[in-house]
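First comes the structure, then the notes that go with it.
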């Protein structure tokens, strides 16, 4: 029986045969963990990220709006994900996955001011803030879709340059008030905000690990789509990296997110696994600021 037929008829057995031989189907050694190749380009609030056969783009669309009354200095950040269904997915399944990834990426970016401080989006307190909408388009996917979307969002956000803003020549009803419709990037009227980039205090990243239990439990970082299918489940570890020492970023595990079907409790001992620690260390190299 050839390899393609064996994989199609018994993906679990096909994967186990490779793992027991110390290699994964795509040629990566297991152990030790070997990441798929990562490439990134970004500028002007746009990014393109490739992780193995995965490719995603992200474009940040900045708009002006009014803040929520209870948070007069905080702008807003929203995320959407466009993911076409794979051959073994229905359109509904693809939409559910897109929504899940968008929600998780958005919540990770906004888990606290130590990651992204929304007050840096304030233009005029209580009146005008920036609203950033991140549109992620998945061009190709081969497993670990959360990881490529997370990195695309981070790299696009880090490359945003918001323009200087001026009040324009429209008169407002009260002194100090700003007419939202009159705000302009042309140097007309008083300056409201200087040009600025976005600051991420900590750089979030994620690594997906497929779980396969047989006589032993296998943890497969950066799984391909066929590996995810054979395993039947995956866990996503979210970490942030802080530029604080000469040794480079120090990872901190923030939360665990089971892959695509709800939340579950993961024991803390899970993080002590050698495969998880190696995956986290290698992911650190892909989130450093150039």
So residue 202, is it within 23 Å of residue 141 (Cα to Cα) and modelled with pLDDT of 65 or more
no
Which ones in segment 121-147 are closer than 17 Å to residue 107 by Cβ and buried (at least 20 other Cβ atoms within 10 Å of the Cβ)?
132, 134, 136, 145, 146, 147
Return yes when residue 101 is within 15 Å of residue 154 (Cα to Cα) and without any contact (Cβ under 8 Å) to a residue 60 or more places away in the chain and no when it is not.
yes
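Residue by residue, here is whether (1) in contact with a strand residue (DSSP E or B) (Cβ under 8 Å, 6 or more places away or on another chain); (2) within 19 Å of residue 240 (Cβ to Cβ); (3) without any contact (Cβ under 8 Å) to a residue 60 or more places away in the chain; (4) assigned to a loop (DSSP other than H, G, I, E, B) holds:
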| residue | (1), (2), (3), (4) |
| --- | --- |
| 111 | yes, yes, no, yes |
| 120 | yes, yes, no, no |
| 142 | yes, no, no, yes |
| 147 | yes, yes, no, no |
| 153 | yes, yes, no, no |
| 156 | yes, yes, no, no |
| 168 | yes, no, yes, yes |
| 181 | no, no, yes, no |
| 187 | yes, no, yes, yes |
Is it true that residue 6 is at pLDDT 65 or above and in a helix (DSSP H, G or I)?
no
Complete set of residues in segment 189-215 that are over 30 Å from residue 38 (Cα atoms), part of a loop (DSSP other than H, G, I, E, B) and either touching a residue at least 24 places away in the same chain (Cβ under 8 Å) or within 31 Å of the chain's Cα centre (by Cα) (or both)
190, 194, 195, 214
Quick check on my filter: what residues within segment 224-254 are modelled with pLDDT of 55 or more, under 27 Å from residue 115 (Cα atoms) and in contact with a helix residue (DSSP H, G or I) (Cβ under 7 Å, 6 or more places away or on another chain)?
234, 236, 237, 238, 239, 241
In segment 72-95, how many residues are in contact (Cβ under 8 Å) with a residue 24 or more places away in the chain and over 30 Å from residue 194 (Cβ atoms)?
6
Working only within segment 212-223, note down all residues that are out of contact with any strand residue (DSSP E or B) (no Cβ under 6 Å at 6 or more places or on another chain) and surrounded by fewer than 22 Cβ atoms within 10 Å (Cβ to Cβ).
213, 214, 215, 216, 217
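The values are calculated or read from the model by the stated rules, or taken from the named source; none is laboratory data. Since this is a predicted model, take the numbers as computed values, not measurements. Here Cβ is always computed from backbone atoms with ideal geometry, including for glycine, and neighbour counts include all displayed protein chains.
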